[in-house]
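To start, the structure itself, in structure tokens.
The values are calculated or read from the model by the stated rules, or taken from the named source; none is laboratory data. As the structure is a computational prediction, the values presented were derived from the model and not from experiment. Here the Cβ positions follow ideal geometry from the backbone for every residue, glycine too, while neighbour counts run over all protein chains shown.
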Amino acid sequence: MAMDGMMSTSSGLSYHNVGDFYPRKFGSKPDVVPSGVTERKVCPLDKPDMVSVDVINVNDADVPLHRKKHEHDTYVLGTIHPFRKTHRSIFGKLSQEFRLVTSDRRSWRILLFGALNLLCTGCLLMWCSSTNSMALTAYTYLTIFDLFGLITCLVSYWVTMKKASQVYSFGFERLEVLAVFASTVLVQLGALFILKESVERFMEQPEVHTGRLLVGTFVALFFNLLTLLSVRNKPFAYVSEAASSSWLQEHVADLSRSLCGIIPGLSSVLLPRMNPFVLINMAGALSLCITYMLIEINNYNAVDTASAVAIALMTFGTMYPMSVYSGKVLLQTTPSHIIGQLDKLLREVSTLDGVLEVRNEHFWTVGFGSLAGSAHVRIRRDANEQLVLAHVTNRLLPLVSTLTIQIFKDDWARPLLTGALSSSSAAASPLGPAEGYAALSSSSSLAPLLLASGGELDPLTSTPSKPTSPPPEFSFDTPGRNVQPVVLPAPGHHVHRPYGGLGLSYGAAPYRGMLSQGLARPGGGLGLGLQGVGAGFGLGVGGSGVPSSQSYRTAFGGPAAPLRFGSSNPLASQAQYRQYRP
Amino acid sequence: MEEKYSSNVLSGGKLGMVEVPDSRLTRYIVLLVVSKVLKALGIFESYDILKVVHVVQFIFILKLGSAVILLFFQKPFSSGKVISRRQWIKLLKHAVLSCIISLLGFFGLTLCGPLRTLLLFEHSDVVVIALLGVLFTNSGGGPSKTRGAAFFIIAVICLLLFDNDDLMAKMAEHPEGHHDSALTHFLYTAISFLGVADHKGGVVLLVVSLCLKVAFHTASRKLSVEIGGAKRLYALDNLVSAMVLLPWVIVLSATTESKVDSWSSLILPFGMIIFSVMILEFYVEAICSAKMEMPRCARYGAIALFLSSLLLANFWTHPLTDQLRSMSKPPQQDSTEHVLSGGVLVSAIFFIMSSSILSSPSKKGQKGTLVGYSPEGTPLYNFMGDALQHTSQSLPRFIKDSLKQILEEYDSRQIFYFLCLNLAFTFVELFYGVWTNSLGLISDGFHMLFDCSALVLGLFAALMTRWKATRIFSYGYGRVEILSGFINGLFLMVIAFFVFMESITRVLDPPNINTDMLTPVSVGGLLVNLVGICAFSHAHSHGSKSCSSHEHSHSHHGHSHSEHSHGGHGHSHGGHGHGGHGHGGHGHSHGSGSGGMNANMRGVFLHVLADTLGSVGVIISTILIRQFGWLIADPICSLFIAVLIFLSVIPLLKDACEVLLLRTPPEHEKDLNSALEKIEKIEGVLSYRDSHFWRHSANMIAGTIHLQVMSDVVEQRIIQQVTAILKDVGVNNLSVQVEKEAYFQHMSGLSTGFQEVLAMTQQMESMKYLNDGTCIM
């Protein structure tokens, strides 16, 4: 047996070596070429080669004793393909990657455990065929699953060392997810196969030899627990914690809760959430023991099939939540546990000054944990795009690491006439850029505003919320009065707008407070930025801030005051208003 | 500590309900237990009597006797309201139903013996309703109820499978003509038609009649209110059912000769049965359910009943009891009684456990939401939602809706029709296999069913793809198709692996195969699969061909469009128009983007292809074996097929993996690069970063990009131009973030961390540099 172990470990390693070093002959060429197109021509070339390697590998395994193990090797090879094949386009670099992975001490340990696992699986498969027991076969699949887990672990090491490339612009973190998904699905398919075989066996129950049954059970249990407890499998640990609990876990939790009622001392052991893998291994071993007893005592061979069905069902129960979780990540869905937090942030964003609505929001997880997302933010036409963008990004960035915000304005082309006019005048004006910007911003902030208020009569323009609830501030305005100020693009004009009366009294108090804060603030704005540009923005936003808060309030009708910029962030508010100093 | 957890190991913790301590209810519990023991005794006795008395006569006597006693006690006619004519008719229906149920019950008793009947039939309504609730609704009430239901099912299965009752063998030999009446004959034939032994038929019969009984009890609740109390109804019901049975009994006793020697010796046992089974139990149940709560009553009753019946079963046939029974007829003919076996014992234990779990009050707290804490610090829950969120669609409506959805679209329709064909073939095969008792056919049928699961998956995915986007699936469900294609690919790999392993073992040790049955089946399978290939290859070739041609035309058109859109016109419909152009009318229904790939259909097609290969392989190997006697041909064929399946799956898996890993779509890569170059050339654009493009689903390519622009350009125009350019190359879900220098200033003002400020200033520096460079020009 020791010899056997030696052989199989060497073959288990040689698989990796074969798989990874084989294409090295081709390797040098694609190494040079970085682009995807030329590399991809390599893969049809070495794909059949790869497979023929598998076949040869199996066919010259003539020693019957090692047959099963080698077949298992091909199984592993076969299932590795989905993971490995994804970087087949960089297949030439695979040996390099492998060396990269093995440069880590931890991965040696994983390889060692993988070799042990292969040996154990080979033995178990042999015993399965010698005992003719379906239940033991079902249990052996759990061992194979452990092997998948180890491979996933290797993949996750590789992923951490790998940077994003041009074609895989998000990086390879998803490979981890894919590996978890594929291994859980493969085990479930294996369980499905067991179910099918068991149904066939129920009709004609063959005899089960119990000789190696118990030995096999305990060997498998020992190896599984050893692998589970001594290798820290990051992706699977994450998934098993993040996924909803399986029915097996739920039942055990329920039972142990009741048990703690009788023996309270056990509560520290039993009450925390069980590791699903340990649980299913224990439960499988238990059912195999029961099978052994019943077959030994009463010769009930049907129990074997029944316990195979039970193990298969437990496998389904354990793996299903995990594959659902990782599948949802693969489907680019918003993780449900994050929705509450996200909604809060989005609500905050939509109360920002100038923001009308947030739509087309897509948030999803790239790998396990890191969130990516994009959203379209529709803003008022007089709002400053860059300022809103900065604030929205600032809100969302702590949660969503890869963020893209598209700012969207309705009808931006229409006020362009006045805007272009004033901008051209600003460009031509001998004043500094500060005044030019101020003029531009004030005019562009005013003109759409007036258009918007006029747009209450004109259903073509402006926001959908406005016609439904006409703001009281505007109600006593006639559009004719609003048209007039357009021709006077004076910087300070909008403060004295006639219709601003109500809103001004509301807006003025915090405004002054801010102003005084801004005055009192020491230092010159972190020494960043051009003063002139900043001044322009400051004016424009300051001016537009008052009516926007009004319109916002009326649109939503809520008692809550609109969220001022950076009310949680004093520095931000100061930065915004600091330009009033001069 | 005791209060914190529940004291009941099996049923789990309880929340909310307060139970009266047992000490105050001891009287009632003792009464209940005594009545249950007596009932068990009565049932055992009645089993003995039923050996000589016909079932119908027996029930008639029971009903009549109890009616007389109840009339005496209850006085239903002299007290209470007058019963109207309509109520009499209802009463009549009620009585007929109750007769049928008790007939079934006692007939089951004759089949299975008293112990099994007690175990199966005497469950309280609470238990059965909880069981059905777990099995058929989602809101079962936590894992403990599920466990209880599982125990119940295991117990029934134990009775069915592991109960080696000696009498069964004997009963199975019963000649058909033995039965006394048309009714029993009918029941016997029905059971033998099911193909199970009489005892097992009895088990099934009892389970069915248990469900009937519970439904009957629930339905009769309204009538009992109408009539004026359950007791009055019971009395009247007994009377009416005795009258209903009277004509039958007269006919029966006129036509068949009685086996009873002396009716007088049976008076005492009958009296005892009537008293214990019909009268005492009814009254005690009524009292106990009034004094205790229903679940507890059911729990104690079930435990007492099952334990006493186990004891009785052990001692009933004992010689000692024979001596004790004074009225016993001449000694038992032979000892072919329904004895205690291991299976019965196990199932009795499971029944006791399941009834104690299922009858425990359900924890509604499972679904309650935490609303806060009381001043004492205990959590407060809100249980309102449970009743409100319970919206269930009726099953036929659901089936109708989903069928309509399936038939709406080409892909799912195709899969559905093929699935139906496949299933029909499978069931024909299965039935024929059962008919001819051929194991090979049956196992092949199961194999086909196994294969059908892939089709079901594909169908479901095709159906899901068209669901509307939700909050969680913000891009829509299009990606499900790709995931399902991936799973189908894995499925095929597993199949290939198993076939491979099987064939390796067979190469080394070729078994002797019986080829007689194989040929017609495999030819049939081949025909079915050929139909499938014809159906799917259209879709497949359509998909792949249009993919290649599409790709071609795409680049072509992309170029021409690039010249177009250079001027900055928004070609919002560019993609669509040129897609139709490229296709040249063929496959117009697929838009421009959807020509790419449909992993789901590919997966299904490959599956069907693999099946076809399997059938072809079987046919070839059969011919080879028949003609030349090469036994090794079969494993070699399957080896070959396994490799073929494996090879054919690889491209599918590769493509699906690429999509799932968010790779830039390879067929658009070149276009995208040129589009990005073009974007850089747009007036005012300084640079871009974080450009991500990926295929989300068959007809959606999503993308995000960040652009740095000069401060004097209008952002919206840039967005429009970029969107137009990228739409031309097929990106139809795009987010563009346009950043000016001011953005970085704001960001650096907003972000307080040093690192962010540093990064921002660096970015800004680079930008300023560019800005200066361009400004100088």
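Values as computed for the structure displayed
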| quantity | calculated |
| --- | --- |
| Qualifying residue in the range A:120-134 (condition: within 14 Å of chain B (Cβ to nearest Cβ), crowded, with 24+ Cβ neighbours inside 10 Å, in contact (Cβ under 8 Å) with a residue 12 or more places away in the chain and within 24 Å of residue B:457 (Cα to Cα)) | no |
| Residues of the range B:398-424 that turn out to be within 16 Å of residue B:536 (Cβ to Cβ) and under 24 Å from the mean Cα position of the chain (by Cα), as a count | 11 |
| Only listed residue being buried (at least 23 other Cβ atoms within 10 Å of the Cβ), out of contact with any Lys or Arg (no Cβ under 6 Å at 6 or more places or on another chain) and modelled with pLDDT under 85, chosen from B:611, B:634 | B:634 |
| Count - residues of the range B:95-106 that are within 11 Å of residue B:223 (Cβ to Cβ) and touching a Leu at 6+ places or on another chain (Cβ under 6 Å) | 0 |
| Hey, residue B:29 in a helix (DSSP H, G or I) and either over 30 Å from residue B:352 (Cβ atoms) or modelled with pLDDT of 70 or more (or both) or not | yes |
| Residue A:275 being surrounded by fewer than 22 Cβ atoms within 10 Å (Cβ to Cβ), over 14 Å from residue A:249 (Cβ atoms), touching a residue at least 12 places away in the same chain (Cβ under 8 Å) and not small (Gly, Ala, Ser) | no |
| Helices (runs of 4 or more DSSP H) contained in the range A:243-324 and holding at least 3 residues within 11 Å of chain B (Cβ to nearest Cβ) and small (Gly, Ala, Ser) | A:247-262 |
| Selection status of residue B:237, acidic (Asp, Glu) and modelled with pLDDT of 75 or more | yes |
| Subset of the range B:460-491 (residues that are facing another protein chain (nearest Cβ under 7 Å) and either small (Gly, Ala, Ser) or within 20 Å of the chain's Cα centre (by Cα) (or both)) | B:474 |
| Selection from the range A:325-338 of residues that are small (Gly, Ala, Ser) and within 8 Å of chain B (Cβ to nearest Cβ) | A:327, A:336 |
| Given (1) part of a helix (DSSP H, G or I); (2) more than 14 Å from every other protein chain (Cβ to nearest Cβ); (3) not small (Gly, Ala, Ser), number of the condition residue A:141 does not satisfy | (2) |
| Any hit, the range A:288-302, residues being surrounded by fewer than 20 Cβ atoms within 10 Å (Cβ to Cβ) and closer than 26 Å to residue A:184 by Cα | yes |
| The range B:625-667, residues that are touching a strand residue (DSSP E or B) at 6+ places or on another chain (Cβ under 7 Å) and either away from chain A (no Cβ under 11 Å) or in contact (Cβ under 8 Å) with a residue 40 or more places away in the chain (or both) | B:659, B:665 |
| Condition met for residue A:155 (part of a loop (DSSP other than H, G, I, E, B), farther than 30 Å from residue A:200 by Cα and either more than 14 Å from every other protein chain (Cβ to nearest Cβ) or of a type in the set (Val, Ile, Thr) (or both)) | no |
| Some residue of the range B:443-459 being away from every other protein chain (no Cβ under 14 Å), among the aliphatic types (A, V, I, L, M) and free of Cβ contacts under 8 Å to residues at least 40 places away in the same chain | no |
| Neighbours by Cβ (under 7 Å, 6+ apart or cross-chain): first from the range B:75-92, small (Gly, Ala, Ser); second surrounded by 12 or more Cβ atoms within 10 Å (Cβ to Cβ) | B:80/B:228; B:80/B:232 |
